[in-house]
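Working notes, structure below.
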Amino acid sequence: MKVVVNKNIHDVHIREFVYQNKQLLTAIFVSLLVIIGTILKLGLKNINRYVPVTPVQVSRSERRLAAEAESSKNHRRKAVVGETYNPEADKNGEIVKHHKTDAQRQNLQTNLKKILLLQNLYSEQFDQILDAFFLKTVKSGEYVIKEGDEGDYFYVIEKGTYSIIKEENGLPKVIQKYIDAGSFGELALLYSIPRSASVKAETEGLLWALDSKTFRRIIIKAAHKNRKAYLDMIKNVKILSHLTEKERMSLADNLVQKVYKDGEVILKEGDEANGMYFVIDGHVSISKNVNGKKVNMKSVEKGGYFGELALLTNAQRAATAVAKGKLTTAFLDAQAFSRLMGPCEDAMRANMEKYGIKKENIV
């Protein structure tokens with residue numbers, strides 16, 4: 001029996017799912033890349049390497065092409081024999097820096113922060129990416145990318161109008177346009193597959209380009225490194241000792257790095273509880289307003305955590321958390337907390353009883 005699906009409704013459901021689970025999907029995608037590289041290294045060259053691509057992992061122009069690229073047997077064969085990247089084997093090499101004016105650097109930095117793929121980088125890794133981009137001038141009518149070619153660069157638009165063109169039934173069809181903003185080219189670099197569409201400059205323009213080697217070395221290796229750091233942190237948090245190895249890995253994949261400056265407010269008394277925090281590096285001061293006066297309650301250091309109790313009791317934040325010096329945390333949102341932290345809830349509630357924590361003192 002043939003089932004007919006309303007495409008508009010289907011697309012809405014997909015967008016809602018991606019929005020609610022974007023951090024999990026990004027983590028899954030990085031994990032799959034590492035697993036695939038390991039399998040190929042072991043010599044299992046004939047395995048069918050089908051890797052689902054989620055919309056949050058690629059630019060809008062390429063996400064529409066992802067399903068087609070994946071289902072193509074020819075693309076899968078090329079992906080298997082193409083260059084693969086093993087972050088464990090890659091030794092840290094020198095990253096080539098390209099000069100930028102202060103204005104150029106600031107504008108590029110603003111654009112890069114909008115790209116989900118780069119949002120989990122540490123500040124040092126982000127700065128490396130920023131340094132490595134170089135400016136490329138394109139002419140009107142020039143093809144920046146040609147469908148079927150090997151992926152060589154990732155592009156971020158500085159200026160100009162660009163058409164994304166896909167060949168259908170032997171004829172070129174414009175499926176997307178970018179005007180003075182956007183990025184493209186990451187799909188082929190992430191999966192070592194040929195370009196799934198062409199990109200044509202409709203006007204003179206400027207593009208920031210990042211070569212494939214640097215792209216993989218910084219972005220994929222950084223994600224792998226961050227995941228290992230999260231796993232090491234999880235193993236040293238006593239409250240998480242109830243988790244199995246599989247549960248620890250799932251937790252690591254759901255953690256999101258958040259960095260704060262000295263004096264920056266992390267959570268505020270009276271706020272809704274949206275997640276909990278693990279301290280990777282630095283200190284946090286927890287305080288409460290009592291009769292109009294600030295009362296310091298405790299300090300949380302590296303290896304500690306805070307924010308979990310309000311989630312357990314569905315209460316508003318009853319205290320304020322402020323960074324003391326530069327602070328790096330791993331954030332677990334409320335939805336992931338309820339899904340993953342079940343085995344630890346009894347221990348967390350026991351802590352409340354042990355220390356006589358009352359509801360009005362919950363962070």
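The values are calculated or read from the model by the stated rules, or taken from the named source; none is laboratory data. Predicted model only: the values in this text are computed from it and were never measured. Virtual Cβ from ideal backbone geometry, glycine too; neighbours counted across all protein chains shown.
With the condition kept exactly as written, say whether any residue in region 330-347 is under 17 Å from Gly282 (Cβ atoms) and in contact (Cβ under 8 Å) with a residue 12 or more places away in the chain.
yes
With the requirement that a residue be modelled with pLDDT under 90 and more than 26 Å from Gln119 (Cα to Cα), what does region 298-316 give you?
Leu309, Ala310, Leu312, Thr313, Asn314, Ala315, Gln316
Output the number of residues of region 261-297 satisfying the condition of being of a type outside the set (A, V, I, L, M, F, W, C), under 16 Å from Leu327 (Cα atoms) and either exposed (fewer than 15 other Cβ atoms within 10 Å of the Cβ) or within 23 Å of the chain's Cα centre (by Cα) (or both). Please lay out each step first, then the result.
Restricting attention to region 261-297, the residues satisfying the condition of being of a type outside the set (A, V, I, L, M, F, W, C) are 261-264, 268-272, 274-275, 277, 281-283, 285, 287-289, 291-294, 296.
From what is left, the residues that are under 16 Å from Leu327 (Cα atoms) are 261-264, 277, 281-283, 285.
Those left that are additionally either exposed (fewer than 15 other Cβ atoms within 10 Å of the Cβ) or within 23 Å of the chain's Cα centre (by Cα) (or both): 261-264, 277, 281-282.
Of the residues in that region, 7 qualify.
Output the residues belonging to region 94-114 that are outside any loop (DSSP other than H, G, I, E, B) and either touching a strand residue (DSSP E or B) at 6+ places or on another chain (Cβ under 8 Å) or among the hydrophobic types (A, V, I, L, M, F, W, C) (or both). Give the steps one after another, and end with the answer.
Looking only at region 94-114, we keep the residues that are outside any loop (DSSP other than H, G, I, E, B), and these are 102-112.
Across region 94-114, the qualifying residues are Ala103, Gln104, Asn107, Leu108, Asn111, Leu112.
Here are some conditions: (1) at pLDDT 95 or above; (2) exposed (fewer than 14 other Cβ atoms within 10 Å of the Cβ). Gly93 meets all but one. Which one does it not meet?
(1)
Report yes if Asn254 is outside the structural domain of Gln125 (by TED's automatic domain parsing), of a type outside the set (A, V, I, L, M, F, W, C) and closer than 21 Å to Asp232 by Cβ, otherwise no.
Numbers: outside the structural domain of Gln125 (by TED's automatic domain parsing): yes; of a type outside the set (A, V, I, L, M, F, W, C): yes; closer than 21 Å to Asp232 by Cβ: yes.
In short, yes.
Suppose we filter Lys173, Lys139, Lys146, Lys159 for residues that are assigned by TED's automatic domain parsing to the domain that holds Lys100, without any contact (Cβ under 8 Å) to a residue 24 or more places away in the chain and surrounded by fewer than 19 Cβ atoms within 10 Å (Cβ to Cβ); which single one remains? Before the answer, list the steps.
Details: Lys139 fails: without any contact (Cβ under 8 Å) to a residue 24 or more places away in the chain; Lys146 fails: without any contact (Cβ under 8 Å) to a residue 24 or more places away in the chain; Lys159 fails: without any contact (Cβ under 8 Å) to a residue 24 or more places away in the chain.
Result: Lys173 is the single residue among Lys173, Lys139, Lys146, Lys159 that is assigned by TED's automatic domain parsing to the domain that holds Lys100, without any contact (Cβ under 8 Å) to a residue 24 or more places away in the chain and surrounded by fewer than 19 Cβ atoms within 10 Å (Cβ to Cβ).
Has region 208-227 got at least one residue that is in contact (Cβ under 8 Å) with a residue 12 or more places away in the chain, touching a Lys or Arg at 6+ places or on another chain (Cβ under 9 Å) and not hydroxyl-bearing (Ser, Thr, Tyr)? I'd like the intermediate steps shown before the answer.
The initial filter retains those residues of region 208-227 that are in contact (Cβ under 8 Å) with a residue 12 or more places away in the chain, namely 208-212, 214-227.
Add one more test, that the residue is touching a Lys or Arg at 6+ places or on another chain (Cβ under 9 Å), and what stays is 208-209.
Now narrow it down to the ones that are not hydroxyl-bearing (Ser, Thr, Tyr): 208-209.
The answer is yes; a qualifying residue exists.
Here is a yes/no grid of residues against (1) over 15 Å from the mean Cα position of the chain (by Cα); (2) in the same structural domain as Phe154 (by TED's automatic domain parsing); (3) modelled with pLDDT of 90 or more; (4) crowded, with 21+ Cβ neighbours inside 10 Å:
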residue: Lys177; (1), (2), (3), (4): yes, yes, yes, no
residue: Ile193; (1), (2), (3), (4): yes, yes, no, yes
residue: Val199; (1), (2), (3), (4): yes, yes, yes, yes
residue: Leu210; (1), (2), (3), (4): yes, yes, yes, yes
residue: Thr214; (1), (2), (3), (4): yes, yes, yes, no
residue: His242; (1), (2), (3), (4): yes, no, no, no
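Which of the residues that make up region 93-118 are out of contact with any Asp or Glu (no Cβ under 7 Å at 6 or more places or on another chain) and touching a residue at least 60 places away in the same chain (Cβ under 8 Å)?
Once the filter is applied, which keeps residues that are out of contact with any Asp or Glu (no Cβ under 7 Å at 6 or more places or on another chain) and touching a residue at least 60 places away in the same chain (Cβ under 8 Å), region 93-118 yields Gly93, Val96, Leu108, Asn111, Ile115, Leu116, Leu118.
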